[in-house]
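The values are calculated or read from the model by the stated rules, or taken from the named source; none is laboratory data. Everything numeric in this text was worked out from a predicted model, so none of it was measured. Cβ placement follows ideal geometry from the backbone for every residue including glycine, while neighbour counts extend to all protein chains displayed. These area figures cover heavy atoms from the full protein model, side chains too; ligands, DNA and RNA do not enter into them. Shrake-Rupley method; radii C 1.70, N 1.55, O 1.52, S 1.80 Å.
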Amino acid sequence: MPAEIAVSPTDTSSLLVIKFDTKSVYYENYKKLLLDLKCEKTFVGVLTEEEADTSLTDLTRTDTELFDKAKNVVSRTKEVAHAFSDPVLSSQLHAPPPHPTSIRNVYFGNYRVKPWYTSPYPEEYSCSRNLYLCESCLKYMNSDYVLQRHRMKCAWRHPPGDEIYRDQSISVFEVDGQRQPIYCQNLCLLAKMFLQSKILCYDVEPFLFYIMTEYDGTCCKILGYFSKEKRSASNYNVSCILTLPIYQRRGYGAFLIEFSYLLSKAEGKYGSPEKPLSDLGLLSYRSYWKKRVAETLLGMSSTMSIENIAQATSMVCDDVISALESLSVLKYDMKKKIYVLHVDKMKLYNVCKKWDEKHPQRVNPTCLRWTPYIGEAKISDLLLQENLLLPLSNLKHINEGLCSNY
Ligand SMILES: CC(=O)SCCNC(=O)CCNC(=O)[C@H](O)C(C)(C)COP(=O)(O)OP(=O)(O)OC[C@H]1O[C@@H](n2cnc3c(N)ncnc32)[C@H](O)[C@@H]1OP(=O)(O)O
């Protein structure tokens, strides 16, 4: 190849400068050879030189940027796929991605309710202005006509679980998220409309749902519920709690809270609600804790410790302390340098009296028929399957089988 090679004297980096003699015949031949080589790759003899020119398909800067963008998306998808195999992360991902909702009215029984927050209903329902719910099975529909048709054939008269509590017209049903996923998902979707916090609407299997109902002569209509993890690492006795807005401020929230502590007592555990609490949740819990601790202090005669109060109430010590502070009975003794309880019985009595007047619906522990969840099956299921012989007192609640009497 005829070329003039020289070292540029001005160039401080001493680069080699190669100058081609572009007029030389060798250079022309070389150029032709290069073109032929190029043509060889692209249908030599079939395409013209112009047609075979692939310079237009060379990678541009935009192409590189698009490629990098796509690569990032793929790597993120891989992370998500990994998360799905992780039990903790997957529980947060099972729900479909949230999308904007245009639901403005929810028709529930004879009521029309305005949702407070967005709930991840499937897209075809989220885009409707009105959502119609069946009061019994909580199925959602986007037309009144469909609801009427559904009502004609919906045979549900109570939630689909075991009735574990009945006191006059008030009942509580325990529904297993694994056995009744559709009902529980429908319940969570309904609850999400009134709860700002991130609740899982589709991943219901790890939860038990306690549905409070009132019998109105024809069926048990739902008033509220709370959900509880089957196995809570942090010993939470409530995951989510809700009183349907149409029934709020009637004491049902306090009933549900009291009931959750009754279950903790039956389990022999201290319980506390899952944090963070919503504003209304905090108000309700503080009110209940205050009253419950006041009641316990009034009932105790000898000296007592925070631990004693926790045992008597099934509340965790932190919640007991919070209640003692709000009752202003926890004082610091400067001399002895210890905290002491200064109990003004009259004041505590007034707290209890006021609360009882506001909340006539109290939990009656003798009406509970329940065994704690111990695994895939409950104790009662196991006993019935295995036909084990147990003392009569233990089997009593199983045989009484309160459920499905309506
Ligand atoms: C662990 C968690 O899930 S936190 C999330 C809690 N849930 C929610 O925020 C969902 C939306 N809210 C609700 O469903 C309800 O408001 C609940 C469940 C919190 C309370 O249910 P309600 O049936 O209204 O409770 P109830 O009538 O028993 O009242 C209990 C206390 O709550 C407080 N409270 C409830 N609602 C209000 C309100 N709108 N304004 C002020 N205080 C209120 C009061 O302190 C009341 O006690 P009081 O009557 O002695 O003053």
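Could you tell me which residue of region 256-286 is nearest to residue 323 (Cα to Cα), considering only residues that are open to solvent by 70 Å² or more (accessible area, probe 1.4 Å) and assigned to a helix (DSSP H, G or I)?
Going through the qualifying residues, I end up with 286.
Restricting to region 216-231, and then to whatever is more than 12 Å from the ligand (Cβ to nearest atom) and farther than 13 Å from residue 135 by Cα, can you tell me which residue is surrounded by the most Cβ atoms within 10 Å (Cβ to Cβ)? Before the answer, list the steps.
First pass over region 216-231, keeping only residues more than 12 Å from the ligand (Cβ to nearest atom): 216-222, 230-231.
From what's left, farther than 13 Å from residue 135 by Cα: 217, 230-231.
On the way: 217: 5, 230: 16, 231: 9.
So the residue we want is 230.
Failed condition for residue 301, given (1) farther than 19 Å from residue 224 by Cβ; (2) modelled with pLDDT of 90 or more, with all others met?
All conditions are met except number (2).
Please specify each residue of region 116-142 satisfying the condition of being in contact with a helix residue (DSSP H, G or I) (Cβ under 9 Å, 6 or more places away or on another chain), over 22 Å from residue 175 (Cα atoms) and part of a loop (DSSP other than H, G, I, E, B).
116, 117, 118, 142
Pull up region 99-115, narrow it to residues that are surrounded by 13 or more Cβ atoms within 10 Å (Cβ to Cβ), part of a loop (DSSP other than H, G, I, E, B) and not hydroxyl-bearing (Ser, Thr, Tyr), then point me to the one that is nearest to the chain's Cα centre (by Cα).
The residue in question is 115.
Quick one: residue 277 ticks every box in (1) touching a Gly at 6+ places or on another chain (Cβ under 6 Å); (2) at pLDDT below 95 bar one, so which box is it?
Result: residue 277 passes all but (1).
Going by the structure shown, is residue 183 in a helix (DSSP H, G or I) and within 28 Å of residue 275 (Cα to Cα)? Break it down into steps so the answer makes sense when it comes.
Details: in a helix (DSSP H, G or I): yes; within 28 Å of residue 275 (Cα to Cα): yes.
Criteria met by residue 183.
Pairs under 7 Å by beta carbon, first residue without any contact (Cβ under 8 Å) to a residue 24 or more places away in the chain in region 340-359, partner open to solvent by 80 Å² or more (accessible area, probe 1.4 Å) and outside any helix (DSSP H, G or I), six or more apart or different chains?
Taking only residues 6 or more apart or on different chains, the pairs are 340/331; 342/331.
I'm checking my understanding of the structure. Among residues of region 246-282 that are aromatic (Phe, Trp, Tyr) and more than 8 Å from the ligand (Cβ to nearest atom), which one is farthest from residue 165 (Cα to Cα)? Outline the logic, then answer.
First pass over region 246-282, keeping only residues aromatic (Phe, Trp, Tyr): 247, 252, 255, 259, 261, 270.
Checking the rest, the ones that are also more than 8 Å from the ligand (Cβ to nearest atom) come to 259, 261, 270.
Working: 259: 10, 261: 14, 270: 21 Å.
For region 246-282, the residue satisfying everything is 270.
Given the conditions (1) modelled with pLDDT of 95 or more; (2) charged (D, E, K, R); (3) within 17 Å of residue 208 (Cα to Cα), report the number of the one that residue 231 does not fulfil.
(1)
Would you check if residue 182 is within 22 Å of residue 229 (Cα to Cα) and surrounded by fewer than 19 Cβ atoms within 10 Å (Cβ to Cβ)? Even if it seems obvious, please write down each step before you answer.
Working: within 22 Å of residue 229 (Cα to Cα): yes; surrounded by fewer than 19 Cβ atoms within 10 Å (Cβ to Cβ): yes.
Here the answer is yes, as residue 182 does meet what is asked.
Test of understanding: among 214, 205, which residue is under 20 Å from residue 119 (Cα atoms) and among the charged types (D, E, K, R)?
205
From the list 301, 326, exactly one residue is open to solvent by 50 Å² or more (accessible area, probe 1.4 Å), of a type in the set (Ser, Thr, Tyr) and within 16 Å of the ligand (Cβ to nearest atom). Which is it? Spell out how you get there, then give the answer.
On the way: 301 fails: within 16 Å of the ligand (Cβ to nearest atom).
When all the criteria are applied, what remains is 326.
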